[in-house]
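Data block below; observations after.
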Amino acid sequence: MTPPGDPGPEQPRTMSTYDFTAIEARWQAFWMEQQSFRCLGPGEEGFDPSKPKYYVLDMFPYPSGAGLHVGHPKGYTATDITARYKRHRGFNVLHPMGWDAFGLPAEQYAIQTGTHPAKTTAKNVDQFRRQLQALGFSYDWAREVNTTDPNYYRWTQWIFNRLFERGLAYQAEVPVWWCEALGTVLANEEVIDGMSERGSHPCVRKPLRQWMLRITEYADRLLDDLEGLDWPESVKAMQREWIGRSVGAEISFATASVSGEALGSDFTVFTTRPDTLFGASFCVLSPEHPLVAELTTPEHVDAVAAYQEQAARKSELERAELQKEKTGVFTGSYALNPAFAEGDPRRLIPVWIADYVLMSYGTGAIMCVPDGDERDREFAEAYGLSVPQVLEEDGTLCNSDFLNGLSQEQAVPKMVSFLEEQKLGTGKVNYRLRDWLFSRQRYWGEPFPVLHELNAAGEDTGERKTVADGDLPVTLPELEDFTPTASGDPPLARAEDWVKVVDADGKVWRRETNSMPQWAGSCWYYLRFMDPHNDQAAWDPEIEKYWMPVDLYVGGAEHAVLHLLYARFWHKVLFDAGLVSTPEPFQSLVNQGMVQSYAFKDERGALVPIDEVEETQEGEYQRQATGDKVERLVAKMSKSLKNVINPDDVIQEYGADTMRLYEAFMGPVTASAPWNPRDLPGVHRFLQRVWRLFDREAVTEAPEEVTRALHRAIKKVGEDLEQMNYNTAIAAMMEFVNACTKSEVGLTTAHAQAFCILLEPFAPHLAEELWAQSQGVGALADTPWPAYDEAWLKASTVEIPVQVNGKLRGKAQVAADADRDTIEGAARDAVAEHLEGTIRKVVVVPGRLVNFVVA
RNA sequence: GGGGGAGUAGCCCAAUGGCAGAGGCAGAGGACUUAAAAUCCUCCCAGUACGGGUUCGAGUCCCGUCUCCCCUACCA
């Protein structure tokens, strides 16, 4: 073994080993010492404003107690390669990392063990940082941010004040998901099938006074501005669906008894097909609709009450999922279809209640057109309601008076103007997007900078104000007990001294005891990275102007809607307030694929830990200890499947450079693929070959083939990196090394140095080591990307396939720069025996092929 | 049901409409070695899920079908 760190320059030249452990430790220490990846921004000494900027960002992690697994570094490796590449291309590169560290796990751990969440968080952050640094990522660690740091959440609160003063934050009594086990409300999107997303605890709907953010005010802009973003189509589609803009009309229906006597209460429905109003043969109200009681006639009271009770027990999701057949009950009352004149028997239509109509969407009431809507048809058929025809086969309207013969596009505006003239309704745009439930009953989150006024009796007057910007942050009080209080108040209510505030005038205020959801900190962290130590402002406007927008944002598809929609919303608010210079934060977005893992099941179906399994022959696996056959599956990496791969183990066995190279070589960055331990030696061998190549005696003149191979590699790696095609870039480097291996001589110094630059983004530690060995001058990370010479890309002669009628019939050798006629002539000679018929056409693609089309 | 994506060699993956193969894994043989490992060399392997169409030429473009993955789902 070569002693680590000492290649022994005085010793005779012998085969040395690739001691990745020593190499990686040496260069990581070097980078730290030299601050190699310190990124300077506007206003900092040494900043070069003439260079173009590149902001490449990872979705920052929640530092969990389990540490990093090999899935995290897939995206981080991609951004690091690109960051390093852009530095070689002369960009000022902003490439930061931080921690999204508020959240439930640390708080639950605190409840169970009494360990303060701050302590748990600090420990986990240290673990994550150590693991990331062990991979040699070129983050500027001087810019590290932590959402739980008061110097950070001071500004999260400051942004809340901006939202508040713009009328975008308000309190409302809303039915919310309450999770008893977690002791908190959850947002709709944090509840799946009536269970909490975290921990799968049962949740119930419950009306509570909560903070809301008026994201719906931005619905149209959030939708329209997706257009200009370089994002995956799938993510854009998900956001569009989440916003769920639907254009239609609200139509007001008067109510009447069976005999047609007016009942005096109107209700309004929302419909996307106002043009089919002539086909509306009944109406359905949601069981929770406020008018139900009034409209229910005495003989239907029992049935309606029973139905309402049954519906109340089911969540919206249960209603949707467990309900295959439509159910509902008649109220006994009728509505008047405004399309028909008084006296027309079609005017009187029954009003039902049914749980397929949701109170939380539209108006909680619908007009039913069984001829046009599948659900309405199903309901009508189930209960024997009439199905008047209003649509022809081709979708044009019929039996619809002034709309007959019109298409939907033509008829909708006509009907809307009819309704508006008659004051029966109005055009209306509805959204599926609801306002954002922004408060949580938790300790480990940002406190709201809000004070509630109390009167002399200590009662809430309903007045409230935000804490002045200059008095921020409102820091979290120390607590011993992190559980909610007996009265159901959030844990912060336990800090009585903290809750009670007496102002200069002696007026008493009560602090808001809710805290913000975990999304808050991640809504703007990309802004703080630009100016992380500013204690006068959240960021300096000049600095913001230079760096924004984020040029490349890489993260998991699981954040397609929530994080990315919330952050876009805040960003637009900040834009409107003149605080940021771009309407969108993230210009280009990439979802890295999932790193899955093999999992193994024995014959009884029990999971077998991945490290207890061995392969017996191709495709056959057995449990090492017992020899029992096991079956291999591909699945998400998870503790429960016992198939988690720990990056620390991989680094120990193969080194960080191999790990990085493998992550990048697995396939396209967007593709999911299982972690295949069998493939690691392959990329490791490549690095070994590079090491041995540099171990050869240097030469002063390179063989022509090696020079050609190098120039091809420079071109290909550069082009592939522009496209984030990391896997094929690595293949190009492998080609070069294979060509060198064949040549059996060493590299020239110039070739060695150029190759080090190509290798650096992928395997930076080895590249630095070889750069030093090759007498590289200056910092490798900042050395310009080598240029390739076109002249070296072309071979002097090329072999061109010659086809006849599309079939390969021969090959022609021609000079690489031969003109069309020369190529055609050579091709003719090559396939002369196949050219007996009339030649109808000759296709010559220089450098590619020749095709003769014969009769 | 709706939306997004993918099907190429035993496996992972490449291929501006132009010879299906860049690279890696696995497999076979050989060289080196006292031997093994490592290393090096050589070799093996398909017509691109299926059916049509456009084209001189289709893995690639168009239409239809099948399979798989992800997201979403009574939103009126």
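The values are calculated or read from the model by the stated rules, or taken from the named source; none is laboratory data. None of these values were measured; they are calculated from a predicted model. Note that each Cβ is placed from the backbone with ideal geometry, even for glycine, and that neighbours are counted across all protein chains shown. With ligands, DNA and RNA removed, areas are computed over all heavy atoms of the protein, side chains included. Shrake-Rupley method; radii C 1.70, N 1.55, O 1.52, S 1.80 Å.
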What ³J(HN,Hα) values, in whole Hz, does the Karplus curve 6.51 cos²θ - 1.76 cosθ + 1.60 give for region A:699-705 when θ = phi - 60°, with x put for Gly and Pro? 10, 9, 10, 8, x, 3, 4
In nanometres, the difference between 0.36 nm per residue of separation and the alpha-carbon distance of residue A:489 and residue A:237 is 86.8 nm
Please identify which residues in region A:730-774 have an amide N closer than 20 Å to a label point set 7 Å out from the Cα of residue A:17, following the Cα→Cβ vector. A:765-767, A:769-770
Whose amide H sits under 5 Å from the amide H of residue A:467, counting only residues 5 or more places off or on another chain, with H placed in the peptide plane? A:450, A:451
Cross-link partners among lysines for residue A:206, C-alpha distance below 17 Å, same-chain residues fewer than 8 apart left out? A:314
Relative contact order, percent, of chain A when contacts are C-alpha pairs under 8 Å separated by at least 6 residues? 13 percent
Determine ³J(HN,Hα), in whole Hz, for all residues of region A:646-663 in sequence, where each value follows from phi through the Karplus function 6.51 cos²θ - 1.76 cosθ + 1.60 and θ = phi - 60°; x replaces Gly and Pro. 9, x, 4, 5, 5, 5, 5, 7, 10, x, 5, 5, 5, 4, 4, 4, 5, 4
On a 0 to 90 degree scale, rounded to 10, what angle separates helix A:72-88 from the longest Cα axis of chain A? 60 degrees
Which order, highest average first, do A:546-556, A:602-612 follow once you tally other Cβ atoms within 10 Å for each residue and take the mean per peptide? A:546-556, A:602-612
Cα pair count fraction exceeding 15 Å, expressed as % - region A:797-854: 35 percent
At a Cα cut-off below 27 Å, give the lysines reachable from residue A:500, other chains included and same-chain residues fewer than 8 away excluded. A:119, A:465
Determine, from the Cβ-Cβ distance of residue A:614 and residue A:66 and an R0 of 30 Å, the FRET efficiency 1/(1 + (r/R0)^6), rounded to the nearest 0.05. 0.70
How would you rank A:34-42, A:828-836, highest first, on the average number of other Cβ atoms within 10 Å across their residues? A:34-42, A:828-836
Once R0 is set to 41 Å, what does the formula 1/(1 + (r/R0)^6) return for the Cβ-Cβ distance between residue A:689 and residue A:624, expressed as a FRET efficiency to the nearest 0.05? 0.80
Under the 0.36 nm per residue contour assumption, what length would be gained going from the current alpha-carbon distance of residue A:646 and residue A:29 to full extension? 219.8 nm
Whole-angstrom Cα spans of region A:594-644 along principal axes, big to small: 30, 21, 16
On the protein heavy atoms, probe 1.4 angstrom, tell me the percent of accessible surface of region A:165-297 carried by carbon and sulfur. 51 percent
Just to confirm the number: angle between the C-alpha axis of helix A:20-34 and the first principal axis of chain A, 0 to 90 degrees, nearest 10? 70 degrees
Note: residue A:310 to residue A:272 extended length (0.36 nm per residue) minus current alpha-carbon separation gives 10.8 nm
Keeping all protein chains in place, calculate the accessible area per residue for chain A (probe 1.4 angstrom), answer in Å². 46 Å²
Report the label-to-label distance for residue A:265 and residue A:142 in nanometres (one decimal), using points 7 Å from each Cα along the Cα→Cβ vector. 6.8 nm
Given a Förster distance of 35 Å, the FRET efficiency implied by the Cβ-Cβ spacing of residue A:129 and residue A:698, rounded to the nearest 0.05, works out to 0.35
Compactness relative to 2.2 N^0.38 Å, alpha carbon Rg of region A:683-789: 0.96
Measure nothing fancy, just the Cα-based angle from helix A:820-830's long axis to the longest principal axis of chain A, in degrees from 0 to 90, nearest 10. 70 degrees
For region A:215-363, place one equal point scatterer on every Cα, skip the solvent, and apply the Debye formula. What is log10 of I(q)/I(0) at q = 0.13, 0.15 Å⁻¹? -0.71, -0.87
Check cross-link reach from residue A:601 to the lysines: straight Cα distance under 17 Å, and skip same-chain residues fewer than eight apart. A:629, A:636, A:639, A:642
Bin by bin, in steps of 10 Å, what percent of the Cα pairs in chain A do you find, going until the bin that has the longest distance? 2, 10, 15, 17, 17, 15, 12, 7, 3, 1, 0, 0
Go through region A:562-575 residue by residue and turn each phi into a ³J(HN,Hα) via Karplus (6.51, -1.76, 1.60, θ = phi - 60°); whole Hz please, and just put x for glycine and proline. 4, 3, 5, 7, 5, 5, 5, 4, 4, 4, 5, 5, 5, 5
